[in-house]
1. Is there any pair linking a residue in region 316-337 that is open to solvent by 100 Å² or more (accessible area, probe 1.4 Å) to one that is assigned to a loop (DSSP other than H, G, I, E, B), with Cβ under 6 Å and at least six apart or on different chains, and which?
2. Identify, please: which residue in region 182-194 is among the hydrophobic types (A, V, I, L, M, F, W, C) and open to solvent by less than 70 Å² (accessible area, probe 1.4 Å) and is, among those, nearest to Leu304 (Cα to Cα)?
3. Where residues in region 304-315 are open to solvent by less than 100 Å² (accessible area, probe 1.4 Å) and in a loop (DSSP other than H, G, I, E, B), which of them is modelled with the highest pLDDT?
4. So, in region 265-288, exactly how many residues are in a loop (DSSP other than H, G, I, E, B) and out of contact with any Ser or Thr (no Cβ under 6 Å at 6 or more places or on another chain)?
5. Go through (1) in the same structural domain as Ser199 (by the TED database); (2) within 33 Å of the chain's Cα centre (by Cα) for Gly323 and report which single condition fails.
6. Regarding region 289-298, can at least one residue be identified that is in the same structural domain as Leu336 (by the TED database), surrounded by 10 or more Cβ atoms within 10 Å (Cβ to Cβ), in contact (Cβ under 8 Å) with a residue 24 or more places away in the chain and assigned to a helix (DSSP H, G or I)?
7. Counting only residues that are at pLDDT 85 or above and either within 14 Å of Leu207 (Cα to Cα) or not basic (Lys, Arg) (or both), how many does region 336-351 have?
8. Restricting the search to region 251-262, which residues are more than 16 Å from Leu286 (Cβ to Cβ) and touching a residue at least 40 places away in the same chain (Cβ under 8 Å)?
Amino acid sequence: MLIQCAYLKIVPVELYGPEGSMKVHALLDEGSTVTLIDEQVANRIERKDAAKRYASRVSDHQKPEASSATRRARHRACSHLTDIAENLIYDAAAPCILIGQDNWGLIVSRQIKSGRANQPAASLTQLGWVLHGCCSSLSRPINTVHHLRPSDASDTELNDIVKRHFEIESLGVAPRKPSHDPEERALVLLDSNSVRLPSGQFETCLLWKSDNETMPESYDTAMRRLRSIEKKLSKNDNLKREYCEQINNLLKNGYAEPAPNQSTSERLWYLPHFAVTHPQKKKVRLVFDAAARTNGKCLNDALLTGPDLIRSLLGVLVRFRQGRVAVSADIKEMFLRVKIRKKIETAYDSCGEIT
């Protein structure tokens with residue numbers, strides 16, 4: 001049978017106040033920054049109008065009148081505590097005052113008596129000897145981790161806590177990949193179809209999920225979205241001006257071209273666009289809506305997400321410690337500078353022209 005208990009630093013004291021004195025037990029808490037006293041005790045030794053202020057003084061250690069047979073039996077096995085056992089055994093030791101670091105002189109240990117790892121220790125303070133530590137029937141201590149959560153917490157919250165724990169534990173550990181990994185197909189497509197042009201820009205292909213992927217007719221859906229955007233812009237001249245500047249910038253820099261009137265490609269897709277305004281900077285940004293659906297299908301459904309090529313946060317933090325100076329940079333319009341191969345470019349056409 002396993003017997004294990006923990007002892008806190010509790011010591012008998014006598015409190016004095018304008019209305020009298022009272023013998024109580026005090027808890028010495030080195031992790032507390034303040035000293036607290038039970039309200040009922042404060043009312044008995046202080047005037048009621050000053051009970052909330054702690055102005056009492058603590059007397060020297062008082063020898064308890066009662067003893068505990070259970071604690072006596074346990075302490076007999078602790079030979080290092082034999083000579084002070086009478087100063088450590090008392091009944092009904094419910095603390096009424098907590099003494100913290102603001103009275104550090106009362107709680108600091110001036111002498112320590114310790115035994116084996118599974119036995120409690122005793123420390124001599126200005127208030128007397130206090131018992132603390134664990135008492136276990138095992139020769140070796142059991143290291144445990146306790147996780148607490150509110151009783152009304154849902155299982156979903158607990159699952160999220162455990163998931164976040166394992167995400168932190170797995171930093172820097174590569175997961176096992178299935179034999180038919182879609183990321184592997186994406187890497188193959190990128191390796192075999194990506195080239196660097198003489199201008200310095202990169203050209204690549206779209207990451208179709210399959211070689212025979214086809215797209216439904218999307219012209220009518222994109223045109224309805226375009227008319228809706230034009231109607232919205234007609235009511236806001238500033239938004240219309242900035243929106244037109246964004247479109248003209250795409251055409252001027254070769255990031256986009258007007259959609260062709262006719263095409264026989266089975267992968268033709270008209271991509272709607274809309275504006276998003278930054279709430280703080282009030283800057284308008286053009287967004288292409290690859291999630292817009294036609295006949296239940298969108299462009300995102302037909303494309304692979306591709307591998308995560310972003311540098312891991314752990315790697316970035318480690319590399320920041322390699323040298324004396326860390327340099328960071330940003331490429332303007334980086335994603336727009338990546339060109340799409342001509343033979344499949346029609347799958348990424350933007351719809352219409354703002355007038």
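1. Note: pairs meeting the criteria are Phe320/Ala326.
2. Result: Ala186.
3. Checking each candidate, the answer is Leu304.
4. So the answer is 8.
5. (1)
6. No, there is no match, as no residue in region 289-298 is in the same structural domain as Leu336 (by the TED database), surrounded by 10 or more Cβ atoms within 10 Å (Cβ to Cβ), in contact (Cβ under 8 Å) with a residue 24 or more places away in the chain and assigned to a helix (DSSP H, G or I).
7. Here the count works out to 4.
8. Pro260, the sole residue that qualifies.
The values are calculated or read from the model by the stated rules, or taken from the named source; none is laboratory data. Quantities reported herein were computed from a predicted structural model and do not represent experimental measurements. No Cβ is skipped: glycine too gets one built from the backbone with ideal geometry, and neighbour counts run over all protein chains shown. Each accessible area value is taken on the protein alone, full model and side chains, heavy atoms only, with ligands, DNA and RNA left out. Shrake-Rupley method; radii C 1.70, N 1.55, O 1.52, S 1.80 Å.
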